[in-house]
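The values are calculated or read from the model by the stated rules, or taken from the named source; none is laboratory data. Owing to the predicted nature of the structure, the values given are computational and were not obtained by experimental measurement. Positions of Cβ are backbone-derived with ideal geometry, glycine not excepted, and every protein chain shown enters the neighbour counts.
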Amino acid sequence: MIACRRRPFRAGMTARRLLWLFRLVMSTAAVLLFDQAVFAGQFLAGSYPALHTHRANATVAGITVLAAALSGLLLWRPGRGPLWPLAGSLVLFALIAAQIAIGFARLLTLHIPLGVAIIGLSIGLAIRAWRLDPAAGPVATHAAGIDPSPARSQDSAGVP
């Protein structure tokens, strides 16, 4: 039987550039989504033009998250990186699409908590992207001859 194993994420030049692209686009999206709360707060404080800014920024943020999904796709294939940047960006985009529909329906009891969740998810994706180190992935452990599977421990009686 032939075992199919996923190729490890290598820190080649292309992979590093694609990782940097995802980091920059996802960080930009996180800032834009954080700004949404600022614009909403300005509107609630009485600055009514901020609602138009809030709506326009939602469109730009959504497009930026789609760009993050595209960069996540490129990081995954052909960059042979992890799948989570693509999956996380697509989930984030779906939440933003729902958020826009809920906002136009003026369902603030759902719009505000979903906005908080979207901001948290975007910041979490950006932080995780900056913590991703392709050099410390499975390639480094396999190249060093280290078995990445956890060692089995035995209790004091010697029973596995």
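Quick notes on this one:
- Answer from 75, 95, 86, 66 - the residue that is touching a Pro at 6+ places or on another chain (Cβ under 6 Å) and within 21 Å of residue 129 (Cβ to Cβ): 75
- Residue 133 vs. criteria loosely packed, with under 12 Cβ neighbours inside 10 Å, in contact with a Ser or Thr (Cβ under 9 Å, 6 or more places away or on another chain) and either modelled with pLDDT under 95 or among the hydroxyl-bearing types (Ser, Thr, Tyr) (or both): no
- Where a residue in region 61-88 is closer than 12 Å to residue 15 by Cα and its partner, wherever it lies, is of a type in the set (S, T, N, Q), with Cβ under 7 Å and at least six apart: 72/89; 79/14
- Test: residue in region 37-58 that is under 30 Å from residue 134 (Cβ atoms) and more than 11 Å from the chain's Cα centre (by Cα): no
- Every listed requirement among (1) under 21 Å from residue 125 (Cβ atoms); (2) free of Cβ contacts under 8 Å to residues at least 40 places away in the same chain is met by residue 52 save one, (1).
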